[in-house]
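This report concerns only the one structure given below.
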Amino acid sequence: MSKASIYIETFGCQMNISDTERAASRLREAGYRLCETPGEADVVLFNTCSVRARAEQKVYNRIGEVRHARVGREPLLGVLGCVAQLEGEAVFEHAPSVRLVAGTRATDRLPALIERLRSGEQRVLDLGERLGDESWEVSPFERHSRYVAFLPIIEGCNKFCTYCIVPYSRGRERSRDAAELTDEVRRLAGQGFREVHLIGQNVNSYRPRTEAGLEGFKGATPFSRLLRALGSTGMPRIKFTTSFPRDFHPDIVAALDEHENLCDWVHLPVQSGNDRVLRAMRRGYSAADYLRRVDTIREARRRLSLTSDIIVGFPGETAAEFEDTLRLVERCQYDGLYIFKYSERRGTPAAGLPDSVPEEEKTARFQALEGLQRGIQSRLYRGYIGRRLEVLVEGESAKSETDVKGHTTCHKVVNFKGDAGLHGQLVWVRIEEAKANSLYGVRCRESSASAPTVSRGEV
Ligand code: SAM
Ligand code: SF4
């Protein structure tokens with residue numbers, strides 16, 4: 001049978017993007033053709049997110065849209081990832097046109113699962129674990145960017161925060177060996193990648209089964225040793241996300257101080273500024289514990305940018321408890337903040353609590369927090385005006401064909417005039433304008449690169 005063409009649509013976090021990259025690599029190796037749109041594909045796969053109810057609903061809506069657009073020549077439809085893992089057989093009932101349901105650890109088996117369907121099986125379900133010898137290799141052509149590579153260092157989560165579905169959809173924590181990761185970073189450098197993002201639900205809970213690759217790299221935790229090992233590879237930039245506050249050891253900041261290619265950014269989600277709510281969320285730290293970590297980050301040699309996630313309207317959160325969150329945000333002066341309204345997830349401990357904060361109140365809290373953060377961010381972003389920042393040029397700007405865009409080491413988006421010849425280069429840009437979520441500047445010619453860069457305490 002000739003091989004089919006496949007389109008994969010991805011929802012959710014970087015881990016899902018990375019899973020899609022791996023799935024696409026395996027499918028192409030097996031002879032399939034990957035397409036850019038669902039219009040002509042023989043097989044359409046949705047790699048799904050279930051972290052909030054709305055993300056889950058979006059997938060079913062998209063399945064309806066694709067079917068509608070392809071009436072009379074419907075593709076073979078499959079659901080992958082978190083929704084598949086959690087719902088299993090129920091996906092077939094919810095969306096009877098779906099014929100493949102493959103969970104978060106079935107990536108390597110996709111070619112075989114699709115072959116079974118194309119050979120006549122009506123429905124195929126795989127919610128199994130990864131096999132021991134599975135490959136993490138990703139073809140450079142399947143990566144989401146030519147210059148920035150996602151590198152999963154740990155899968156799954158053992159924390160079981162009471163609101164969160166991830167430990168159920170992604171299973172227990174499994175860390176990859178440092179030797180394999182070091183080899184991969186070196187290979188990525190050889191392929192022209194300039195920045196690597198170490199990804200995982202909680203990267204700093206990294207705990208590999210063996211010492212391989214960490215020998216000779218000292219540190220208080222396996223994660224800070226891994227940072228030193230990868231910092232020594234020569235990769236120009238290394239970022240990591242997400243860090244779990246309870247496991248955020250000061251030695252991580254020490255490692256960043258030692259290696260300039262470990263970037264100036266820490267994403268440290270706090271979720272709430274109130275101790276009772278943090279306990280009810282089972283986060284394992286108090287607001288004071290969290291602020292001590294923030295103080296360590298603020299004492300780094302370079303100015304590290306700090307971002308966070310917050311959930312508003314957790315069951316039982318009172319107005320006074322929410323005020324504590326506002327105070328903590330004021331104190332932390334985050335460079336960026338993702339705000340989420342609490343969304344009940346079936347099967348989590350918090351789903352048993354009365355969802356006591358009315359929707360309008362959740363919206364009011366969301367807006368209050370958003371307003372506060374807008375003010376903080378605007379002040380911080382304006383502080384960059386007149387300064388030089390090094391930008392990795394990742395591609396054409398979304399807004400103007402004559403502009404290019406990229407990120408700084410502190411993970412800010414910068415746009416400036418430039419052409420495709422700059423793609424993949426690290427260039428200095430003098431910032432002239434601050435927008436709500438990005439900066440605008442002009443490229444510094446080496447001779448005029450005299451504007452100051454940013455150091456601790458200046459922004
Ligand atoms: N492991 C990371 C941590 O502990 O901070 C977070 C990973 S989670 C996939 C990403 C974010 O989704 C969380 O930080 C949280 O703010 C948000 N989130 C998770 N479950 C949620 C829920 N039930 N309702 C609303 N937001 C939720
Ligand atoms: Fe979810 Fe908590 Fe695990 Fe983060 S640490 S993925 S919020 S259970």
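The values are calculated or read from the model by the stated rules, or taken from the named source; none is laboratory data. Note that this is a predicted model, so its numbers are computed, not measured. Backbone-built Cβ (ideal geometry, glycine too); neighbour counts: all protein chains shown. SASA here: full protein model, heavy atoms, side chains in, ligands and nucleic acids out. Shrake-Rupley method; radii C 1.70, N 1.55, O 1.52, S 1.80 Å.
What Rg and what Dmax come out for the stretch 1-112 when only alpha-carbon atoms are used, in angstroms?
Computed over the Cα atoms of the stretch 1-112, radius of gyration and Dmax are 13.0, 40 Å.
Please list, short to long, the whole-number percent of alpha-carbon pairs of the stretch 355-415 in consecutive 5 angstrom bins beginning at zero.
Values per bin, smallest distances first: 4, 14, 15, 15, 15, 11, 10, 8, 6, 1, 0.
Using the crude model of +1 on Lys and Arg Cβ and -1 on Asp and Glu Cβ, and no other charge, please compute the dipole size for the chain relative to its Cα centre, in debye to 20. Mind dumping the intermediate values first?
On the way: 68 positive and 64 negative charges, 106 e Å.
Value, rounded to 20: 520 debye.
How big is the shadow of the Cα convex hull of the stretch 153-295, averaged over all directions, in nm²? Present the calculation step by step, with values, prior to reporting the outcome.
Values: hull surface 34.1 nm².
Mean shadow area of the hull around the Cα atoms is 8.5 nm².
Mind giving me the nanometre distance, one decimal, between the label points for Glu40 and Asp419, set 7 Å out from Cα along Cα→Cβ?
Output for this residue pair reads 3.1 nm.
If packing is taken as the average number of other Cβ atoms within 10 Å across a peptide's residues, how do 409-420, 65-76, 39-50 rank, most packed first?
Details: 409-420: 19.4, 65-76: 12.8, 39-50: 22.1.
For the peptides 409-420, 65-76, 39-50, the packing ranking is 39-50, 409-420, 65-76.
Just to be sure I understand: of the beta bridges DSSP finds with both ends in the chain, what percent are antiparallel, rounded to 5?
Values: 22 of 67 bridges.
So the antiparallel bridges in the chain amount to around 35 percent.
Would you mind getting the accessible area per residue of the chain, heavy atoms of the protein chains only, 1.4 Å probe, in Å²? Don't skip to the answer; put the middle values down first.
Working: 19550 Å² over 459 residues.
Heavy-atom accessible area per residue stands at 43 Å².
Which distance in nm do the two modelled labels at Ala351 and Ala320 give, with both placed 7 Å along the Cα-to-Cβ direction?
Going from the Ala351 label point to the Ala320 one covers 3.2 nm.
With labels modelled as points extended 7 Å from the Cα through the Cβ direction, what inter-label distance (nm, one decimal) is found for Arg209 paired with Lys435?
With each label placed 7 Å out from Cα toward Cβ, I get 4.7 nm.
If you average the C-alpha positions of the stretch 344-391 and of the stretch 75-104 separately, how far apart do those two centres end up, in angstrom?
Answer, in whole Å: 32.
R0 = 56 Å: FRET efficiency of Arg382 with Ser119, Cβ-based, nearest 0.05?
0.35
Expressed as a whole percentage, what fraction of the accessible surface of the chain belongs to carbon and sulfur atoms when a 1.4 Å probe is rolled over the protein heavy atoms? Write down the numbers at each step before the final one.
On the way: 9620 of 19550 Å².
It is 49 percent, rounded to a whole number.
Out of all Cα-Cα pairs in the stretch 128-170, roughly what percent, to the nearest whole number, are more than 11 Å apart? Before the final figure, lay out each step's value.
Working: 689 of 903 pairs.
Tail fraction, whole percent: 76.
Which value, to two decimals, describes the C-alpha radius of gyration of the stretch 55-199 once divided by 2.2 N^0.38 Å?
Working: Rg = 17.6 Å, N = 145, 2.2 N^0.38 = 14.6 Å.
That ratio works out to 1.20.
Quick one: compute a quarter of the convex hull surface over the Cα atoms of the chain and quote it in nm².
Numbers: hull surface 90.3 nm².
Dividing the Cα hull surface by four gives the mean projection, 22.6 nm².
So the label point goes 7 Å from the Cα of Ala220 along Cα→C-beta, right? Which residues of the stretch 266-294 then have their backbone N under 16 Å from it?
Counting only backbone N, you get 289-294.
What does the charge dipole of the stretch 1-147 about its Cα centre add up to, to the nearest 20 debye, if the Cβ of each Lys and Arg holds +1 and the Cβ of each Asp and Glu holds -1? Let's see the in-between values first.
Numbers: 21 positive and 22 negative charges, 68 e Å.
Dipole about the Cα centre, nearest 20: 320 debye.
What FRET efficiency would be calculated for the residue pair Ala364, Asn61, taking the C-beta separation as r and a Förster radius of 25 Å, to the nearest 0.05?
Working: r = 27 Å, r/R0 = 1.08.
My answer for the efficiency is 0.40.
Over the alpha-carbon set of the stretch 252-368, divide Rg by the Kirkwood Rh and report the Rg/Rh ratio to two decimals.
Working: Rg = 15.7 Å, Rh = 15.3 Å.
In the stretch 252-368, Rg relative to Rh is 1.03.
So how far, in whole Å, is the C-alpha centre of the stretch 203-220 from the one of the stretch 227-293?
Spelled out, the Cα-based centre of one part sits 16 Å from the other.
Quick one: check the C-alpha center-to-center distance for the stretch 116-136 versus the stretch 16-46, whole angstrom.
What the calculation gives is 15 Å, centre to centre.
Restricting things to alpha carbons, find the Rg to Rh ratio for the stretch 376-443 using the Kirkwood radius for Rh.
Details: Rg = 10.9 Å, Rh = 11.6 Å.
Ratio of gyration radius to Kirkwood radius for the stretch 376-443: 0.94.
Tell me, in nm to one decimal, what length is gained between Arg445 and Asp133 on full extension, where the rule is 0.36 nm per residue of separation less the Cα-Cα distance? Don't jump to the answer; show the numbers that get you there.
Details: separation 312, 0.36 × 312 = 112.32 nm, distance 4.95 nm.
Contour length minus Cα-Cα distance gives 107.4 nm.
Run through the stretch 212-279 and list the GluC sites (Glu not before Pro) located in a DSSP loop whose Cβ has at most 11 other Cβ atoms within 10 Å.
Within the stretch 212-279, the qualifying GluC sites (Glu not before Pro) (loop, at most 11 other Cβ atoms within 10 Å) are Glu215.
Quick check on the chain: helices-only [θ] at 222 nm, where DSSP H runs of length 4 and up contribute -39,500 (n - 2.57) each and the sum goes over total residues. Nearest 500, please. Mind dumping the intermediate values first?
Details: 13 runs with 148 residues, N = 459.
When only DSSP H runs of four or more count, the value is -10000 deg cm²/dmol.
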